[in-house]
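The values are calculated or read from the model by the stated rules, or taken from the named source; none is laboratory data. Nothing here was measured: the structure is a model prediction, and the numbers come from that model. Please note: Cβ atoms are built from the backbone with ideal geometry, for glycine as well, and neighbour counts cover all protein chains shown. Remember, those area values only see protein heavy atoms, side chains included, never the ligands or the DNA or RNA. Shrake-Rupley method; radii C 1.70, N 1.55, O 1.52, S 1.80 Å.
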Amino acid sequence: MVGIKGARGIGKTTLLLQHIKLNYQNELESVLYVSLDDLWFSEYSLLELVDSFVKIGGKHLYLDEVHKYLQWSAALKNMYDDYPEMNVVFTGSSLLEILNGRADLSRRALVHTLQGLSFREYLNMQKIVSDPDFEGFPVIALQNILEDHESLAVDINRLIKPLKYFSHYLRSGYYPFFLEGEDTYGMRLEETILMLLEVELPLLRHIDISYVIKLKQLLSIISESSFRIKGIYVRLFSAIS
């Protein structure tokens with residue numbers, strides 16, 4: 001089994017669907033994508049679904065929002081033991097639930113963390129370079145940066161001026177949903193935070209709702225401190241350049 005954990009809106013669902021599209025075009029009948037917050041699971045169990053899927057030739061199962069399913073880790077453990085021929089990939093946005101569930105899935109699942117966009121990925125998604133033959137900024141190994149940073153910097157600056165876009169990346173470039181409209185980025189980010197504080201923590205972690213206000217205050221303090229540090233970094237990079 002392979003698990004993918006990451007914050008809401010980071011791109012886990014898109015990653016699964018793109019992977020299916022790229023790798024199983026000729027055998028779609030053997031692949032199933034399921035979101036476990038679907039109302040269907042209010043009447044049927046995940047193991048019933050898997051049993052039926054295996055009987056019709058299913059081999060690859062992709063489970064999204066797995067933490068929304070009650071006792072999901074036990075269900076995945078049973079699935080792993082009872083259907084060894086099934087390849088399973090699952091995702092979860094509730095990091096606390098995923099971490100707790102790893103105890104049941106020890107030695108059965110490799111859990112990876114999906115991070116937000118790097119500055120390089122952000123630039124590539126923005127398609128800032130107008131050259132039609134440009135295929136995007138490649139990944140550069142740390143050792144290459146240490147040994148050849150001067151020539152690499154010259155090559156990059158021939159194409160773009162990175163600092164022109166860096167402050168914008170820090171403000172609204174980490175989550176890929178900025179592509180859906182930068183004017184609504186802040187609102188979407190706030191909705192993600194409120195969902196975590198007001199719904200997931202009380203519901204999944206049994207946090208007293210009275211503590212939510214204090215958590216919001218703490219988050220405000222952290223974000224203001226981060227904003228000041230970000231300004232220092234931008235001024236430092238500008239001075240170096």
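Values computed for the structure shown
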read-out: Test result for Ser220, in contact with a Phe, Trp or Tyr (Cβ under 6 Å, 6 or more places away or on another chain) and not basic (Lys, Arg); value: no
read-out: Residues located in the range 165-187, provided they are within 16 Å of Gly6 (Cα to Cα) and either in contact with a strand residue (DSSP E or B) (Cβ under 7 Å, 6 or more places away or on another chain) or open to solvent by 70 Å² or more (accessible area, probe 1.4 Å) (or both); value: Tyr174
read-out: Candidate set: the range 123-155, residues that are open to solvent by 100 Å² or more (accessible area, probe 1.4 Å) and assigned to a loop (DSSP other than H, G, I, E, B); chosen: the one nearest to Glu182 (Cα to Cα); value: Lys127
read-out: Conditions (1) within 21 Å of Gly6 (Cα to Cα); (2) more than 21 Å from the chain's Cα centre (by Cα); (3) not small (Gly, Ala, Ser); number of the one not met by Pro162; value: (1)
read-out: Looking only at the range 28-48, and only at residues there that are among the charged types (D, E, K, R) and surrounded by 11 or more Cβ atoms within 10 Å (Cβ to Cβ), the one that is nearest to Leu70 (Cα to Cα); value: Asp37
read-out: Residues of the range 1-14 classified as under 21 Å from Lys59 (Cβ atoms) and surrounded by fewer than 16 Cβ atoms within 10 Å (Cβ to Cβ), total; value: 1
read-out: Any hit, the range 146-158, residues being at pLDDT below 85 and over 27 Å from the mean Cα position of the chain (by Cα); value: no
read-out: Scan of the range 188-226 for residues that are in contact with a Lys or Arg (Cβ under 8 Å, 6 or more places away or on another chain) and either open to solvent by 50 Å² or more (accessible area, probe 1.4 Å) or touching a residue at least 40 places away in the same chain (Cβ under 8 Å) (or both), ordered by number; value: Thr192, Met195, Leu196
read-out: Only listed residue being under 27 Å from Leu203 (Cα atoms) and more than 23 Å from the chain's Cα centre (by Cα), chosen from Glu29, Glu43, Glu65; value: Glu43
